[in-house]
């Protein structure tokens, strides 16, 4: 079975899902061990999972085949999970060929076979054969960054290209550090000038296991250099582990809430509230509910009241976070809450020029002019999978309607230093009606197709987006004044 270590605000829900899908949980947190009756096991994990820094999902490190298995399980259980993995794994070693200078970065372009990477080494010549290692991922549209300094990473140790012994900074115990340094120096005497870096997991395994791993890595290094010498074409010589960036949109957080509720007392919007910064408040509320289940409604109402006080109100500034499927987080022009409605609220944003999106209607370039003083009204419905924005001239004439197809809209509170915000993941495909006397048009379908090809979403998710866009276009044709769908 695949061994997984899980940490963070999603750990209990994910543990439940992964145990049911034949993953083995190792090094569980005390709370997870107690809740699931798991013994503590110090095994080195095959996949390491923890929260993203913004708490909008998780990061998982493993080999590509394991990440594919993880993504498949999560999508089957949770639905619209968005997965971003680099096209080449970090630490992978390639036999590459220098293609020449990249004009934008000044670095050397190197053909790796499946993709082109960037090598900072200015001394390389066009057509030169080079051994390179991936140092930085290629999420989104960026090319991977390469290095000609080669390391050979393992699960507990890393071979370094210089005769040194180093330790992970996460190894804090002084006795462990001393013992590992001593062992590393003894082993390093027989490694042909390779150095050793002990990873965090080295603290949890035996001396024999560490020696065996270093021997295996030395064999791997010998094979890599032999294949490099024998190869005449760009090719992968050593596969590293990938970092998968896995995003949990609003509807996935809801599914995780339902999974967690089967394990222990869980308030509605548990994972959303935690991602919004209310972890301590949620933990306290659920602790009380677990001990006094008859007071669930009262405790929940008080929790919601506290959080609602931080939510955007009329005249408050508010940001719009437009997250792309490739992971880019685009903050649109800041607006203000203009009014509240029965289902949500309206954001007003003032522009120096009309939004570029209206220029995508190439058939009518002159009718949709870019004038100073134009403004937009975005109709926000929390949880809705569309966002309707209507663009007006400074004379309040409706110039066009733009409907974004997205994951569920989440409304986040202000945190003192930053205003409130709405957040969603853009699903690429959109509906535009501009000018107002022409039929609505569905745009950017080619971008949706590319997102499927890159593995960010599944074809099933893409088809749902296409169907949603067609429904929007039909409704917008029937009612051009549409404000929400």
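Taken together, the residues in segment 162-194 that are exposed (fewer than 15 other Cβ atoms within 10 Å of the Cβ) and part of a loop (DSSP other than H, G, I, E, B) amount to 11. Filtering segment 10-25 to residues that are surrounded by fewer than 21 Cβ atoms within 10 Å (Cβ to Cβ) and not in a helix (DSSP H, G or I) leaves 21, 22, 24. In segment 384-432, the residue that is modelled with the lowest pLDDT out of those that are in contact with a strand residue (DSSP E or B) (Cβ under 8 Å, 6 or more places away or on another chain), within 18 Å of residue 318 (Cα to Cα) and outside any strand (DSSP E or B) is 418.
Only one residue in 201, 242 is closer than 20 Å to residue 45 by Cβ and touching a helix residue (DSSP H, G or I) at 6+ places or on another chain (Cβ under 9 Å), so which one is that? Exactly one residue qualifies, and that residue is 242. Among the criteria (1) without any contact (Cβ under 8 Å) to a residue 60 or more places away in the chain; (2) touching a strand residue (DSSP E or B) at 6+ places or on another chain (Cβ under 9 Å); (3) under 15 Å from residue 242 (Cβ atoms), the one residue 84 does not fulfil is (1). The sole residue among 26, 73 that is over 30 Å from residue 130 (Cβ atoms), modelled with pLDDT of 90 or more, out of contact with any helix residue (DSSP H, G or I) (no Cβ under 9 Å at 6 or more places or on another chain) and not assigned by TED's automatic domain parsing to the domain that holds residue 407 is 26.
Would you call residue 264 exposed (fewer than 14 other Cβ atoms within 10 Å of the Cβ) and touching a helix residue (DSSP H, G or I) at 6+ places or on another chain (Cβ under 7 Å)? Judged against the criteria, residue 264 is a match.
So is residue 334 out of contact with any helix residue (DSSP H, G or I) (no Cβ under 8 Å at 6 or more places or on another chain), closer than 25 Å to residue 55 by Cβ, at pLDDT below 90 and surrounded by 12 or more Cβ atoms within 10 Å (Cβ to Cβ) or not? The answer is yes for residue 334. Listed by position, the helices (runs of 4 or more DSSP H) inside segment 203-318 whose residues that are more than 30 Å from residue 37 (Cβ to Cβ) number at least 3 are 207-230, 296-308. In the set 172, 235, 208, only one residue is free of Cβ contacts under 8 Å to residues at least 24 places away in the same chain and within 33 Å of the chain's Cα centre (by Cα); that residue is 172. On the stretch given as segment 130-157, residues that are out of contact with any helix residue (DSSP H, G or I) (no Cβ under 7 Å at 6 or more places or on another chain), surrounded by 15 or more Cβ atoms within 10 Å (Cβ to Cβ) and under 20 Å from residue 95 (Cα atoms) total 17.
Hey, any hits in segment 434-441 for a residue that's modelled with pLDDT of 90 or more, part of a strand (DSSP E or B) and surrounded by fewer than 17 Cβ atoms within 10 Å (Cβ to Cβ)? Within segment 434-441, one or more residues are modelled with pLDDT of 90 or more, part of a strand (DSSP E or B) and surrounded by fewer than 17 Cβ atoms within 10 Å (Cβ to Cβ). Of all the criteria given as (1) in contact with a strand residue (DSSP E or B) (Cβ under 7 Å, 6 or more places away or on another chain); (2) surrounded by fewer than 16 Cβ atoms within 10 Å (Cβ to Cβ), the one not satisfied by residue 481 is (1).
The values are calculated or read from the model by the stated rules, or taken from the named source; none is laboratory data. Keep in mind that what you see is a predicted model, and the values were worked out from it rather than measured. All Cβ positions, glycine included, derive from the backbone under ideal geometry; neighbour counts span all protein chains shown.
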